[in-house]
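Laboratory data are not the source of any read-out in this text; all were calculated from the coordinates shown. Bear in mind the structure is a predicted one, so any value in this text is a computation, not a measurement. Backbone-built Cβ (ideal geometry, glycine too); neighbour counts: all protein chains shown.
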Amino acid sequence: MTANTAPRTLSPERLRQFHDWVDEYPNKRSMLMMVLRLVEEEFGSITDEGMVIAADLCGVNVAHVQGMVTFYTHFKRPTHGKHRFMVCATLMCALDGNTDSALAQIQAKLGLKPGETSADGLFSCEKVECLADCDKPPVVQKDSEHFCSMKGPVLDAYIDSLLAKEGKASTDYLGKAVVATDLRVSVLPSHYNFPGETETGARHFDDKDAYLAPVAQGQAPRTTTVPPALKTPLTAPVAGTSFSNNSEDAHV
Amino acid sequence: MSEPVKTSVPFEPILTKYINEPNAHTIEHFLARGGYEVARAHVGVTDPATLVGIVKDSGLRGRGGAGFPTGMKWGFLAKGTGKPAYLAVNGDESEPGTHKDRHILEKDPHQLLEGVILTCWAIQSNHAFIYLRGEFILGYERLEAAVRAAKGKGFIGKGIFGTAFDLKVTVVRGAGAYICGEETGMLSSIEGGRGYPKIKPPFPAISGLFKCPTIVNNVETIANVTHIIKNGADWHKQWGTEKSPGYKIFCLSGAVKKPGVYEVPLGIRMADFIEQYGGGLVEGRAMKAVIPGGLSAPLLTPEMVENCTLDYESLASLGSMLGSGGITVLHDGVDMMSAIYNTMRFYHHESCGQCTPCREGTGWLEKLAHKHHSGHAAEGDADLLADVAKNMRGRTICVLADAAAMPMQSYLQHFRADFDARAHEPAHAARHRTARDEITPAAKRDSVLHGAPGVADVGMGNRE
Ligand SMILES: Cc1cc2nc3c(=O)[nH]c(=O)nc-3n(C[C@H](O)[C@H](O)[C@H](O)COP(=O)(O)O)c2cc1C
Ligand code: SF4
């Protein structure tokens, strides 16, 4: 059991924002896109814990939230760098080597190729699709900052300013090991599994015969009952001390 | 194509008139130039059907890509269903080459909001959603601030303008998915799901957001509404052509001297537009092709550009489309195999994966384009490309599959020689080789993470 120091829920201001939205949206699920943004602001990225909170607030399964977070590429994930560079690689930017030159400059300063994060987790670089500012290539976003014609001395100076802010130098990164930005989600802790489901998602069909047996005439059609584990409020594990894969210690 | 163009009527930018003024995004600026007066004059006063009639008569066509007549779409809205009706404004602006809605959202958001208010009154909807792509950060901040300011003045909220009409305006942010620009994909996203398009029919006007009647319109379309209602249908029709009346914002990018956003009457010659507004091609370059309406629009050759006017019919007659108005000029130095590989990578990355012809087809197009790009294609590969592209069209839930197949077909039509020049390997040698074999290990990892294979060579953002 590891002590978890991260905040366990959204800050009061963000929760107030959530409650303001309740009035705006026809149902809780439709707030998910915006709630994930609240989570992103709160935790700096969409963490496992944040996904559970979002699921709880919007009344959906955590698996659905994981599906959202892996579908939409703009959400910031814990494996992205603190400074996340997104370089537009779609045709309009890529013409005349504009994308390439921006990527080359990032690599020359930070030693990062697209899809890589520096070992200290401070910087990451990725190629993204059209950022809708096609008349001023190359377009680069760094987290929520948007830049047009981002190449040459301007880009270099910007990267230098970030390095300076972090008290680092290019030499701290060049030729050093990098990690691939892994955007997969972690396996859901077992308290979200259906009974009989394993950590890796496979389901034991102990009761296979019952499934295969034909429904007798006049008998009610088979229904699948929702396992009690899923009925448990999803806040329960968050309120506990850890977000662990070990069901014993995470859940009562 | 041969329709008379009313070029004699002088034109001043209408939608983009104030975008260069520093405070145009504030409500004070907007009110000072007569903002919200049209909404005040009509909401709760004019019969909604009259407003729909004006928009119908004006001939305004959707600016999001399909060019569907806006008034007609509003007329399809299911009535008397007992369910609320919604307006969903499409500000996803995800079509590559398009960067017009950004300027309205960032620099003149109240202009959009007034259009939203009038549209909601016209279609009798009490709730509008405005969906912005997640990357529009300034646009979101400005639009949120604008909604708050308009609420403060009583233009949005309960009993707007002192009438009995209530209106909620909710701004939703996307998070980086091209498919959320497709109208039903956007609705899925607003409903809190992955942006999966839904099968049509039923069309959103019958069953859309939360299974309620919904009108989906582009930001630019809605921004037009105020001006049309204020000045009348005939005013709008004084520009453009018979079937494509009015004016439109065009986005010019690529090899021109002055790329940018230009608002012009429809029906002007494309060659004149590139020359007069874009300043012509960059020094020392000749035109190789033009993408006329966003990346999905089939290419035009320079000869076709000469015969092309900027209206829906002219581009359709040339086998292309006006689309979202994103015009990109490719110069003679562009390697077309590199360009098509980049294009196909985009669609493969952005396919939502629901339909097999699209999910698999875009992958095949990308792989085969990559083979041509890297010079490992075999003799029959271009024919295979044509075959795959043909079989992707008209067989899927949404038209992303068509949007991927159309540019491929146009490249094959106009630049077949470029494909053949890269088909070095005789068919038997290439048979046992797949595109994946040529991908470097690093790129392979990248392809696992991003769904996009890369190559080790340079050019066109394909670099690893
Ligand atoms: C793959 C795909 C992407 C689209 N992207 C956009 C977009 O980014 N913005 C937009 O307004 N319409 C987009 N559209 C068109 C919309 O589906 C829809 O036609 C439009 O929003 C309707 O508004 P309009 O009638 O005002 O044009 C896209 C369509 C497809 C098939
Ligand atoms: S055509 Fe492609 S993008 Fe559209 S719904 Fe089918 S798989 Fe998704």
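Structural remarks
- When the listed pairs B:100/B:237; A:176/B:367; A:142/B:248; A:151/B:257 are checked against a 26 Å cut-off, the alpha-carbon distance exceeds it for A:176/B:367; A:142/B:248.
- For chain B, the longest principal axis of the Cα atoms and the long axis of helix B:441-450 meet at an angle of about 20 degrees.
- Sorted by Cβ density within 10 Å, fewest first, the residues B:346, B:203: B:203, B:346
- With Cα atoms as the point set, the radius of gyration and Dmax of region B:31-163 evaluate to 15.0, 42 Å.
- Counting, for every residue in B:259-266, the Cβ atoms of other protein chains within 10 Å of its Cβ and taking the mean gives 1.
- Cα long-axis angle, helix B:381-392 against chain B (0 to 90 degrees, to the nearest 10): 30 degrees
- Packing-based exposure ordering (other Cβ within 10 Å, fewest first) of B:235, B:121, B:364: B:235, B:364, B:121
- Inverse of mean 1/r across different Cα pairs in region B:316-422, Kirkwood, Å: 14.0 Å
- Neighbourhood charge, 12 Å Cβ-Cβ cut-off, centred on residue B:89 and excluding it, Lys, Arg +1 and Asp, Glu -1: -4
- Summed side-chain charge close to residue B:283 - residues other than residue B:283 whose Cβ falls under 15 Å, Lys, Arg +1, Asp, Glu -1: 0
- Counting only the Cα atoms, chain B fills a convex hull of 140 Å³ per residue.
- Of the two radii for region B:248-379, the radius of gyration is 1.02 times the Kirkwood radius, both from the alpha carbons; that is the Rg over Rh value.
- Surface/4 estimate of mean projected area, convex hull on alpha-carbon atoms of region B:152-249, nm²: 9.1 nm²
- The mean number of Cβ atoms from other chains found within 10 Å of a Cβ in peptide A:27-35 is 5, as a whole number.
- Ranked by how many other Cβ atoms sit within 10 Å of their own Cβ, fewest first, the residues B:151, B:73 fall in the order B:151, B:73.
- In the frame of its principal axes, region A:5-141 has Cα extents of 48, 34, 26 Å, reported largest first.
- Summed over qualifying helices (DSSP H, 4 residues or more, each -39500 (n - 2.57)) and divided by its residue number, chain B shows a 222 nm mean residue ellipticity of -11500 deg cm²/dmol.
- Local charge for residue A:167 was computed over the other residues whose Cβ lies under 14 Å away, with Lys and Arg +1 and Asp and Glu -1, and equals -1.
- Working note: Cα atoms of region A:62-163, range along each principal axis, descending, whole Å: 44, 30, 19.
- Shown here are the Rg and Dmax of the Cα trace of region A:1-71, at 11.9, 40 Å.
- Mean per-residue shielding of peptide B:169-181 is 5, counting Cβ atoms of other chains within 10 Å of each Cβ.
- A convex hull fitted around the alpha carbon atoms of region B:95-135 yields 85 Å³ per residue.
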